[in-house]
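*Asks:* Would you mind keeping the following structure in view while I ask a few things?
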Amino acid sequence: MRVEPFHPDHLARLAVQPHQRAWRDNAGDLDLACLSQGGNAGWTGLVGERPVAALGIIDVGGGRAMAWGLIAQDAGPVFLALHRAVARYLGATGYRRIEAVTASDFPQAGRWAGLLGFTHEGTMRAYCHDGSDAELWARVA
């Protein structure tokens, strides 16, 4: 797997997991452009020319950031390399607090957040675009 800076085109070519399709499909052009500019650090993991993950950090100020990530449905063979790259990146960001939101009905995302050093802070009722619940996670330095 090779890593390169995130570009909105990567997301369009990413065969995301079913639980992540709604987020990707509801992200507008402005949202995608914002993810790849300014204080927002984003990157894509590629196997050949095929994106297997798009992840990043959105600086929200005051030493805080929001983590985001979409992972291909078939990323299993490179998931360990992906996990190690994300863990290294998170450890080197310098943020005091990094937050992540996962869908309540997708516990695999929460498990990964925990493995990356995030602590579950609670359930946010009716948070998602479809009215479903989400989980808030935080990693505090």
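The values are calculated or read from the model by the stated rules, or taken from the named source; none is laboratory data. It should be emphasised that the depicted structure is a prediction, and the values quoted were computed from it without experimental measurement. With ideal geometry, Cβ positions are generated from the backbone for all residues, glycine too; neighbour counts draw on all protein chains shown. Just the protein is used for accessible areas: all its heavy atoms, side chains included, with ligands, DNA and RNA removed. Shrake-Rupley method; radii C 1.70, N 1.55, O 1.52, S 1.80 Å.
*Asks:* Around GLU121, which amide H atoms from residues at least 5 apart in sequence, or from another chain, sit under 5 Å from its own amide H, with H modelled in the peptide plane?
*Replies:* LEU136, TRP137, ALA138
*Asks:* Calculate, for the stretch 90-141, the solvent-accessible area per residue in square angstrom, rolling a 1.4 angstrom probe over the heavy atoms of the protein chains.
*Replies:* With all protein chains present, the stretch 90-141 gives 56 Å² per residue.
*Asks:* I would also like to ask the following. If you wrap a convex hull around the alpha carbons of the chain, what volume per residue comes out, as a whole number of Å³?
*Replies:* Numbers: hull volume 15.0 nm³, N = 141.
In the chain, the Cα convex hull volume per residue is 106 Å³.
*Asks:* Moving on to the next point. Ignoring ligands, DNA and RNA, what percent of the 1.4 Å accessible area of the stretch 86-130 is carbon and sulfur? Present the calculation step by step, with values, prior to reporting the outcome.
*Replies:* On the way: 1440 of 2710 Å².
That share works out to 53 percent.
*Asks:* Also: Where does each of 85-92, 124-131 land if you order them by average Cβ count within 10 Å, highest first?
*Replies:* Numbers: 85-92: 14.2, 124-131: 11.0.
So the peptides 85-92, 124-131, ranked by packing, come out 85-92, 124-131.
*Asks:* Can you list the HN-Hα couplings for the stretch 97-105, worked out from phi with the Karplus curve (6.51, -1.76, 1.60; θ = phi - 60°), rounded to whole Hz and with x for Gly and Pro?
*Replies:* 9, 10, 9, 9, 10, 10, 5, 4, 8
*Asks:* Using a basic spin-label model with each label point 7 Å from the Cα along Cα→Cβ, how many nm lie between VAL60 and LEU115?
*Replies:* Using points 7 Å along Cα→Cβ, the separation is 2.5 nm.
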